[in-house]
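Accompanying notes for the structure given below.
The values are calculated or read from the model by the stated rules, or taken from the named source; none is laboratory data. The model shown is predicted, which means the values in this text are computed figures rather than measured ones. When we count neighbours, we look across all protein chains shown, and the Cβ atoms used for this are built from the backbone with ideal geometry, even at glycine.
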Amino acid sequence: MFSHPSSLYVHLPWCWSKCPYCDFNSHVLNDESKINTYTKLITKDIENEAKKFKQSKLKTIFIGGGTPNLFDPISIAKIFDSINTNFDIESNCEITMEINPGSIKKVKLMEYRSIGINRLSIGAQTFNEKLLKSIGRDHSPKHIESVFKTANEVKFESINIDLMFGLPNQSRVMAKNDINKIIDLSPEHISYYQLTIEPNTKFFYDKPNGLPTSDKQNLIQEDCLNLLEKAGYERYEISAFSKKNFECKHNLNYWRFGDYIAIGAGAHGKYRLTNDDMIRYQNASNPNIYMKNIISNESSHKEKLLSNSDKIFEFMLNNLRLMSGFSIAHFESATGLKYDAIEKKLSELNNLKLMQYYPSGYWKPTALGFKFLDNLQCEFLKV
């Protein structure tokens, strides 16, 4: 018997071009006919997953990429018809779709909205034209403002804007200008990430000039966090800010170590068995292999049974990102493990002033712990 995940992720893997910093599973679209084929096959994948998780009642759906708005509303509608046919969806389900803010017309956004998408995530990254070009983005600041205004007119219930900092040759003034601009637009949600140079990206092999030093990045982040706080945005996760009651429910499920269903090339999923065993799985990353597997009725999953050490590390990898931390009761219910599995390590980190325990039964990183979060998370590889 399986758990009943309440979140579903759909991956649409293609882009017009590959950004030099991007390490996501995205591929340049060189044959537009693939979109129709992929759409048809992804509905079959949905049907197959629904047989396993037929009792799931979906609270969140997230369509990511890639650039999902390469798929026209007809294709997106077919995907949602399949989801609606095969799954029970709660009436207040949060349904997010990522979009590139390049030239996208109002009628297209209206059609996405009519399908049922109620939350947009706009990949802005910066409002500075020169910086956009330096990171390989093909849109302009005017595109960002235009698509945001149009999305508001179309009445999406919530809009997220992605911003990055630590960009090549970005000054503190430039970064603050980005934050002031986004505050003027006033989206319900902001994702604010530091540029990291990841392996297997163009920037990894051809490092850009002018990357800010760590000290400068810290100053930029401190400046911008203060501006967002003064504007009324709550930092509820290390890189996520929202107005009250507009947190991303889908991502909160990830960060709380919840279960979720994976659809599409390269998508990751997690579920648990009734004996508290947990399975992590991933679909074939290459879209052509993923589609071939579905056509031949072969499983595209690579599954892994999580060990107790895996459970502890993955739980901490996600939950330590939350500003609220985690409760002992949540650790035990989410992992199926007893608190004594982590008690000694938490005590050590408390002595190092990296973690703090609250009488309400919650643990969370200290300010110092959040500053060195990557190192803190890695401590739980040693448990």
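Numerical summary
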{"item": "Lone unmet requirement of (1) in contact with a His (Cβ under 7 Å, 6 or more places away or on another chain); (2) assigned to a strand (DSSP E or B) for P101", "result": "(2)"}
{"item": "Hits in segment 227-237 - residues which are under 16 Å from Q194 (Cα atoms) and without any contact (Cβ under 8 Å) to a residue 60 or more places away in the chain", "result": "L228"}
{"item": "Search result, residues across segment 126-164 that are in a strand (DSSP E or B), under 26 Å from K207 (Cβ atoms) and in contact with a helix residue (DSSP H, G or I) (Cβ under 7 Å, 6 or more places away or on another chain)", "result": "L163"}
{"item": "Single unsatisfied condition, I63 versus (1) part of a strand (DSSP E or B); (2) out of contact with any Ser or Thr (no Cβ under 9 Å at 6 or more places or on another chain); (3) under 21 Å from K108 (Cβ atoms)", "result": "(2)"}
{"item": "Out of L109, L131, sole residue that is at pLDDT 95 or above and either under 26 Å from E198 (Cα atoms) or polar (S, T, N, Q) (or both)", "result": "L131"}
{"item": "Pick from segment 165-193, criterion among the aliphatic types (A, V, I, L, M) and in contact with a helix residue (DSSP H, G or I) (Cβ under 9 Å, 6 or more places away or on another chain), ranking: nearest to R321 (Cα to Cα)", "result": "I190"}
{"item": "Complete set of residues in segment 321-362 that are under 23 Å from F241 (Cα atoms) and part of a loop (DSSP other than H, G, I, E, B)", "result": "R321, M323, S324, G325, L354"}
{"item": "Residue ID - surrounded by the fewest Cβ atoms within 10 Å (Cβ to Cβ), chosen from residues in segment 64-108 that are closer than 20 Å to S146 by Cβ and small (G, A, S)", "result": "S103"}
{"item": "Evaluation of G123 against (1) in a loop (DSSP other than H, G, I, E, B); (2) among the small types (G, A, S); (3) free of Cβ contacts under 8 Å to residues at least 60 places away in the same chain (one fails), failing number", "result": "(1)"}
{"item": "Single match in S7, S103, S91 (criterion: under 25 Å from N160 (Cα atoms), hydroxyl-bearing (S, T, Y) and either free of Cβ contacts under 8 Å to residues at least 12 places away in the same chain or out of contact with any Ser or Thr (no Cβ under 9 Å at 6 or more places or on another chain) (or both))", "result": "S91"}
{"item": "Unique match (being of a type outside the set (K, R) and assigned to a strand (DSSP E or B)) among Y9, Y21, Y38", "result": "Y9"}
{"item": "Within segment 70-81, tally of residues that are assigned to a helix (DSSP H, G or I) and either on the phi > 0 side of the Ramachandran plot or free of Cβ contacts under 8 Å to residues at least 40 places away in the same chain (or both)", "result": "5"}
{"item": "A240, sole failed condition from (1) touching a Phe, Trp or Tyr at 6+ places or on another chain (Cβ under 6 Å); (2) closer than 30 Å to F326 by Cβ; (3) small (G, A, S)", "result": "(1)"}
{"item": "Enumeration of residues in segment 276-298 that are closer than 30 Å to N308 by Cα and either aliphatic (A, V, I, L, M) or free of Cβ contacts under 8 Å to residues at least 12 places away in the same chain (or both)", "result": "M278, I279, A284, E298"}
{"item": "Segment 268-318: number of residues that are assigned to a loop (DSSP other than H, G, I, E, B), under 23 Å from K382 (Cα atoms) and among the aliphatic types (A, V, I, L, M)", "result": "1"}
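Residue-by-condition table, conditions (1) modelled with pLDDT under 95; (2) surrounded by fewer than 18 Cβ atoms within 10 Å (Cβ to Cβ):
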position: A265; (1), (2): no, no
position: K270; (1), (2): no, no
position: S296; (1), (2): yes, yes
position: E332; (1), (2): no, yes
position: K338; (1), (2): no, yes
position: E343; (1), (2): no, yes
position: Q356; (1), (2): no, yes
position: P365; (1), (2): no, no
position: F372; (1), (2): yes, yes
